[in-house]
1. Search the stretch 208-237 for residues being among the β-branched types (Val, Ile, Thr) and assigned to a helix (DSSP H, G or I), and hand back the single one that is surrounded by the fewest Cβ atoms within 10 Å (Cβ to Cβ).
2. Quick one: Asp38 ticks every box in (1) within 24 Å of Leu193 (Cβ to Cβ); (2) within 14 Å of the chain's Cα centre (by Cα) except a single one, so which number is it?
3. Hey, among the residues in the stretch 42-58 that are outside any helix (DSSP H, G or I) and modelled with pLDDT of 90 or more, which one's farthest from Thr24 (Cα to Cα)?
4. Take the residues in the stretch 187-203 that are of a type outside the set (A, V, I, L, M, F, W, C) and touching a residue at least 24 places away in the same chain (Cβ under 8 Å), then tell me which one is farthest from Glu218 (Cα to Cα).
5. Which number in (1) surrounded by fewer than 16 Cβ atoms within 10 Å (Cβ to Cβ); (2) at pLDDT 90 or above marks the one condition that Ile25 misses?
6. For Phe75, are the conditions met, namely being under 30 Å from Thr44 (Cβ atoms) and modelled with pLDDT of 85 or more?
7. Out of the stretch 157-176, which residues are over 20 Å from Glu13 (Cα atoms) and touching a strand residue (DSSP E or B) at 6+ places or on another chain (Cβ under 8 Å)?
8. Within the set of pairs 6 or more residues apart or between chains, which connect a residue that is more than 15 Å from Glu206 (Cβ to Cβ) inside the stretch 7-19 to a residue that is in a strand (DSSP E or B) with Cβ atoms less than 6 Å apart?
Amino acid sequence: MDFSSSVTFFVGENGSGKSTLLETIAVGANAIAVGGNDIARDETLSAARELAAAYRFAWKRKTGRGFFLRAEDFFNFGKRILQTTRELDEIIAGYEAELKLTPRDAGLQRAIGFIKGQKAALVSRYGENLDANSHGESFMKVFESRLKPGGLYFLDEPEAALSPLRQLAFLKMMKEFASQECQFIIATHSPILMAFPDAQIFSFDEAPIAAVEYDDLEHVRITRAFLRDPQAFLHRL
């Protein structure tokens with residue numbers, strides 16, 4: 001498979017293999033995982049690691065920037081950030097208690113300043129508490145803070161957390177970063193996301209996997225037909 005576009009979509013029914021291949025490529029790229037576990041230790045990616053060992057990957061320009069994100073892992077990521085923030089608070093409180101006993105201890109003062117700096121960086125990047133936002137708001141905040149020029153991003157069904165309006169906002173964000181040499185490979189069911197201009201679309205619904213046009217996608221045809229006449233579909237239920 002040749003990924004010749006800045007944005008590539010994997011499209012197909014559930015169980016067609018699109019997420020498995022996305023995970024395999026993310027493992028092969030040694031991507032950073034935004035989730036509860038690192039990609040090398042995540043037990044749910046054991047099959048992807050086996051598959052990746054059987055693939056050969058070639059790069060026009062390899063980058064260490066970017067990440068891999070599955071929609072179902074996002075909740076774990078929020079918990080991870082919250083836990084880290086609380087742990088930093090506990091360390092700061094412990095050092096400050098010690099400092100009351102030895103107020104001239106320069107080492108403790110430096111340690112407190114360093115850890116407060118770590119916490120401030122987390123808060124600046126993600127806010128005080130990702131859980132305080134809606135799922136869609138938190139999702140967008142993570143992307144706003146972590147997308148960097150020249151990055152390679154693997155996303156599995158990002159639309160799961162996004163309303164149609166936020167999907168459009170996400171398209172705008174992708175367009176901005178695609179112009180800054182970013183590349184996105186996305187498994188999705190969303191006709192809104194698939195409409196990204198000049199995107200490469202691979203269909204997994206038939207073997208072999210093949211590039212298809214947006215208007216030929218079953219997802220797009222069914223969605224259009226339903227929106228034109230929803231009662232015609234509902235009458236058959």
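The values are calculated or read from the model by the stated rules, or taken from the named source; none is laboratory data. What you see is a predicted model; the values in this text were computed from it and never measured. Virtual Cβ from ideal backbone geometry, glycine too; neighbours counted across all protein chains shown.
1. The initial filter retains those residues of the stretch 208-237 that are among the β-branched types (Val, Ile, Thr), namely 209, 212, 220, 222-223.
With the extra rule that they be assigned to a helix (DSSP H, G or I), the set shrinks to 220, 222-223.
Numbers: Val220: 18, Ile222: 12, Thr223: 15.
Among them, the one singled out is Ile222.
2. (1)
3. So in the stretch 42-58, the residues outside any helix (DSSP H, G or I) come out as 42, 55-58.
Add one more test, that the residue is modelled with pLDDT of 90 or more, and what stays is 55-58.
Numbers: Tyr55: 9, Arg56: 11, Phe57: 11, Ala58: 14 Å.
Checked the stretch 42-58; the qualifying residue farthest from Thr24 (Cα to Cα) is Ala58.
4. Residues of the stretch 187-203 of a type outside the set (A, V, I, L, M, F, W, C): 188-191, 197-198, 200, 203.
Filter once more, so that each one left must be touching a residue at least 24 places away in the same chain (Cβ under 8 Å): 188-191, 198, 200, 203.
Numbers: Thr188: 13, His189: 10, Ser190: 11, Pro191: 10, Asp198: 19, Gln200: 16, Ser203: 10 Å.
Going through the qualifying residues, I end up with Asp198.
5. Every listed condition holds for Ile25 apart from (1).
6. Numbers: under 30 Å from Thr44 (Cβ atoms): yes; modelled with pLDDT of 85 or more: no.
Judged against the criteria, Phe75 is not a match.
7. Met174
8. That search, which allows pairs on different chains as well, returns Val7/Phe184; Thr8/Ile185; Thr8/Gln200; Phe9/Ile186; Phe9/Ile201; Ser19/Asp156; Ser19/Ala187.
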